[in-house]
Each structure stands twice: as C-alpha cells, then as structure tokens.
1. With θ set to phi - 60°, apply the Karplus curve 6.51 cos²θ - 1.76 cosθ + 1.60 along segment 473-489 and write out the HN-Hα couplings as whole Hz, x wherever there is a Gly or Pro.
2. Note the count of lysine pairs whose C-alpha atoms are less than 15 angstrom apart in segment 607-712, limited to pairs 8 or more residues apart or on different chains.
3. Roughly speaking, what is the centre-to-centre gap between segment 236-269 and segment 89-127 when only Cα atoms are used, to the nearest Å?
4. So if I place +1 on the C-beta of Lys and Arg and -1 on the C-beta of Asp and Glu, and nothing else carries charge, what would the dipole magnitude of segment 224-365 be about its Cα centre? I want it in debye, nearest 20.
5. Below 8 Å, C-alpha to C-alpha, sequence gap of six or more: please give me the relative contact order for segment 543-631 in percent.
6. How many percent of the alpha carbon pairs in segment 512-631 exceed a separation of 18 Å?
7. By its C-alpha gyration tensor, with a ≥ b ≥ c as the square roots of the eigenvalues, how is segment 2-127 shaped: rounded for a/c under 1.5, else prolate for a/b larger than b/c, else oblate?
8. Do you know the relative contact order of segment 1-120, to the nearest whole percent, from alpha carbon pairs under 8 angstrom that are 6+ apart?
Amino acid sequence: MSEIRIDGADGIPAQPMLVIPNRVDLATMLELEKALGGPGRVAWMVENTLMPGEAIMNHLRETRSPGFVCALNQQGRDAVVMKARQQLERGRHVVLLPGRPLQAPGNLTDLPASLLSLFDATPLHAMPVYAGMYNNYFDAAITTREPYDLLHITFCPPQRAGNQLGVRVQAAWMNAQVTQLEQLPMLEHANLPEMLVEAMLRNPRGRLIDGIDDSTLTYRDMLSAAVMATSVLEKHSTNARMGIILPPGKLGIIANLACLLAGITAVNINYTTTREQFEHMVKQAGLTRFITDTRFVNKQRQFSWPPSRDLIFLDQELAEQGPWRLKAWNTISKLRTPQQLMQHADVAATAPGAEAAVIFTGGTDDKPLGVPLTCRMLLAAALSLRSRLQLNPGHDILLSVLPAYMPAGLIAGILLPLLGGFDVVTYPTATAGKRLCTLIDQYAIALATNTPAGIRAMLKAAGEPRQLSHLQYCLSSGAKLPASLAEAATQHFGLKLLESYGTAEVLPFAAAGMPAPATDPDTTRPTLPTTRQGGIGAPLPGVAVRITGLYTPEPSPTPSKPGLVWLKGPAVTSEYLGISNGDSPRMHGQWFCTGDVGYMTPDGLLTILGRKVRFTQMGEEMIPHVQLEEILYNIFNVTPEENERKLAVVSVPSRTGGEELVMLSTLHKEVTPSDYLTLRYGVTNLHLPSSWAPRHIIPVKFIPTLPNGKLDYQTCFLGACRMLKIKLG
C-alpha cells in the first residue's frame, strides 16, 4: 500500500473556491475529497475533451457525487464560470479533474494550457494542489502514474482572481514540486557511494565500451578498479579535493567513482582552458595533486600541465597492482553485500550534504567560479533527468562524449548509466563525427548528448540517415542550438535535435526538449507540447523557474514577457567556492540568477533569448544582440563562419545618458557614411525601429572569443569603450 503525505491542508480556506490539481488518480481524488471536508463539500468539474480515467468516472457514478461536465469548445468560458459559481454559492469547493493527455514522461501537469488559462481574468479565486508520485527506486523515483510508493499532496497558497491566474497556478506547482523532491527519502538520506555500489553490483554485467578500440569493461570490473584506486588516492594525497584531468572514457569514470568511494571531492578540470584560468581554478579549489593518464598527457601537449611530481598516472598505478588484485576484488564483490564490500574496502560514509565534486563555470562573466556539488545535488540531478527519459536498462545504450567538467558529462555520461543500469559507450572527442556515427550505428545508441559543434560534425560525417536512426534522444548541450542545425538534422536525417538549457550551477539541465509523445489514432486526447520552435522545453522535475525584471529579483506579473531567468531546486547550487549565498548578487534566498534573459510560455515551456549583457534596453524596448548580429550579417550580405566571428554587437554608455549600440567588424577596414546608411535602411526595411541600427562601426582585426567559443564580451566592451574614448567608473 502506498504511503500518503498531505501538506498545507491547514491552509484550506473555509470559503469555497476553485481547486486546481496538477493531476488526479483515484487515490488522489479520495484524499482531496477528505481534506476538503467530505463529499458534501466538493463538486467535481470535468471537461469533455479530457475525461478522467475509468476508475474515477466509476467512482463518480457509484457515489453520485455532485459536479458537472463542461464543453469549452461548445459552451464557452462564461457558461463554465457560471456553473462553477453556482456550486461555490452552494458551499462546495469546485475541483477540476484533469484526464490523461498524450505527453512526455515526467511532465509537471496533465492540464493543457488552454484549460489551465480558462479562469484567467475571471472573478474566481483558485487554490493550486500539487500531487507528486514517487517510488523508492532510481528508475522511476519521480513518476506520474501508478504504481508508486509515495503519494505526496501539497495544498498551495490560494491565488487571487485576476490576470495570469493559470501562470501563477503553474508557478505554485513548480514550487511545491521542488519542496516535495527535497523531502524525498532517497534525497534526504542520500548516500551516493552506497547507491552506486548497490547499482553496479545489481548490474555486474553492465558494460562500459571504449569507443577507441571497442574493448569492454564490466561494471563489476570497473567497481573493483575504483576500489583499488581508492588506495592509490590515499597513498598520494591527504587533501580533501583531488583534481582530475581526463577525457571521457573508462579511466575518467573510474577516477570519479574512486573519489566518491574515498570521500574525496572530485574536481574535474577543463583541459582546453588557458594557463591563467587553470592556475586560477587550482588556487580556488586548493588542489595539490591531479589524476590523469600517460597517453592523455602526451596527446594534450598544448595544456599547461602541472609538474610531473603532482600527477597521479592512474593507468600506471592500476597496472602496478596487477590483474590478480582485480580478480580478488571481483571475487569479494560476489561474496559480500554492498554494505559489507564498502566496509571491507574502507569506503567512506558520506553525508547527503557533503561536498562530492566541484565544477567550474565557463568564465563568461569573469574568471571561472568553482561550484561545489553535494551528494544530494548529484543524485537529484540524475533522478530528474532519468524521469524524463523513456529508456530500458539492459536494452538501450548511452553514448558519453562530453567531459566530466561539463554538467551533462558528469550526470548523463557517468551517474545516469551507472545508477540506471545502462550500458555506455565512451569516446574522448566530441567532434569526431565519423567515429561517433559509426559507434551510434554499431551499438544502436539510444541517447547521445553533445555540443552543437559535435552534432554538426556528426551530421556532416553521416553517410545516410540509417546511421543515426537508432537515436531516440539527441540532446544538444553547452551552447545555443542554431536553428539551421536543427532544421538540417530534421530535413536530411529525420532526426529531432532536443535543445537543453543549463549552467554549471544547475545539474545537468534546467530544462530540455523531449520527443513528442506517440499519437494514438483511436483517441481524441489532446497532446501536451514538448518543444516549441526557438525555445527549449519544459523544466526538469524539481526545477522551479521564476521570470523577473532585469533589475529586480521580484517575480514578473507577466512571465510570458522577456525578463531575467531565476532557478531553484535540489540540483541548483546555493554557493560558490569562497563565496557565501549572502555575498553573491546572483543568489537571492533559494533562488539563483542565471544571468540569462528568457520567458515561460503559457504551456510551461522555457525560451532563452541570451545573456543579460547581450541585451540593450532603450526605453521599454529590449534589443537582443545575438538576433541583431544575425540581421547585420544579412545586411552586409555575409555568411557567418563556424569558427570565426566577423562582427559583434556590444552596448556602451552613451554620452547623453543611457546606452548605445556599437558594431565591432572585421568586414570593414575603413568606415564611410554609406555604411551607416546601409545599416539604417537595412534595419528599417525589416520593419524594425531605427534604434536597432548601431551608432558606431569600429573596424577590428579579429573578434575576441573565450576558450569555449563564446564571445569574450568583456574584452569587446572594454575595447569599444577605449576606441570611443568613453571613461568608465
């Protein structure tokens, strides 16, 4: 029998009101009826295009419960509101009963936006209710249907009648979901090392396949190697943190797993970074030793390697222990329980809130910032991602090509396959298009996560659509997915690229698009959207989104209009290394400011427009630099190249107050008055305000970029100010 938790029932007002649950099964319905005062105090509202399930309908017929069926497509909103008011005047709460639409797994709600927004701008007050359904095992810890081990119902604070009621209800659901997930027993008592040991011993024949030579390492072998590596770590360092400089592959997974088992914080280092940034990361994290591989050191010569005395060559250390020790640990793991194995190997007991890993931001604002990740955060991130995927352990195989210093590489490439029991194929280079296509075809890969650059290389190398036909999920991560790339994938390969959105502070994604649910020709059930053109997708379970003004942390009354994106949840960071919550302008209570501008659509999908610094506000108008750059390329009849920027837009202080736009250009050696006329007429011909035309064109030899390929905005801004002789500060 399922455990049932009820929160917020003491806040149910005596005055009857509209009650809007995110989803309802029979058990939820009975608990709602009980909490709201019994059968005589409840009237059920059913919409005829989204009828509840058979069990609920049978219960309504047998008990002759009061209520009404409405037909929005025939009666209209006013008639429905009138029926609801009649029931409220009789002293009954009106409870909307949603049915089951076609939708992707892990959705926040069963209610379509058209139904949720029905009561916008009506005189009806509403009380949102969030029904969360959870299991005690990883694969379906967050679910949306029976069977489940725990039903958690939260009565949210009532929402006053008025505009954007549907959006406010949606926000209340997200907040309730975050709170429920934080209280989930699996997360409250998260012992990530023990969960990993149990999962790997439950799936000892799971495979890690090295995409370089197709060699295979079983999960039992990998666990034994990680246990052997813990003694190596103890021998070489007493530091609480250990640097890891390794690409995707078996040694990278073993190193991260060994650190978890040893109770040492794994600090995965970006091996494409500059010397200055590397030294900054080392100092910030207090690192003294680094795990790496002999072959990788020889291959990655351009990296600013620390002295050899500070390097732990994991390949050599494991080889010195000999194959007999690996066999010995394999035998021990067969004879012991996970707890006994951990005790025998002297594996550290780790608290849920203990620091387990550190990753660094991309340094788009300044120098990279260290983000400490706890065991609870890592597990919450893996649970959230797993809940959105329809994959079968033991059958579906994952591809891991992103390094562990990226959130997607750490969660989707290491924790998800190990905890979920999936075979995983690794390859150290995300842009090796030809080899990746071969691996996807050879192993029938079901999920691949890659950067847009890596996906572009795959599409270029793919000889025919068949090579990519096995991909159920092709997630784009790390940068904005270009619309042209998504269109090419669909047109030439029938492949739907799924854009994800995340930062180093949010594991692994805040939101991600998902494949559209399979249609059923025998049903007229509505379909909830999973992606929207130009947008991302729905937030992952356990991530709440808030849209604010550009200069205030207070929620915007119209989140469907662009504003700053704030996030909170158990997988969202609350601090940086050396910077407490209260000292960071990006932290406001539990909320984290992403620094990105975006909005939420009424159907709960997130759209990201770009970084805040890449917008210029003139009056009430917000001008997006990225979109303007695309327009400028067209105006000057130039095709942007993948690896070389030809222009960039920045915003500088105006001498008359406010801001003005500046175009840095490698297209111009000299600037003439006709260039400014071309700009002005090019903008106005597109029916855009003349304020979109940059006030200045500055010829430059090159456009500075960061190691991750993104625009080095700070350098461009300072250079523009210097060229225009604008004094700062």
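The values are calculated or read from the model by the stated rules, or taken from the named source; none is laboratory data. Everything numeric in this text was worked out from a predicted model, so none of it was measured. Virtual Cβ from ideal backbone geometry, glycine too; neighbours counted across all protein chains shown. These accessible areas exclude ligands, DNA and RNA; they are computed on the full protein's heavy atoms, side chains included. Shrake-Rupley method; radii C 1.70, N 1.55, O 1.52, S 1.80 Å.
1. 10, 10, 8, 9, 9, x, 6, 4, 7, x, 4, 5, 5, 5, 5, 4, 4
2. Taking segment 607-712 as the scope, the lysine pair count is 5.
3. 47
4. Once rounded to the nearest 20, the dipole reads 400 debye.
5. 22
6. 59
7. It comes out rounded by the Cα gyration axes.
8. 37
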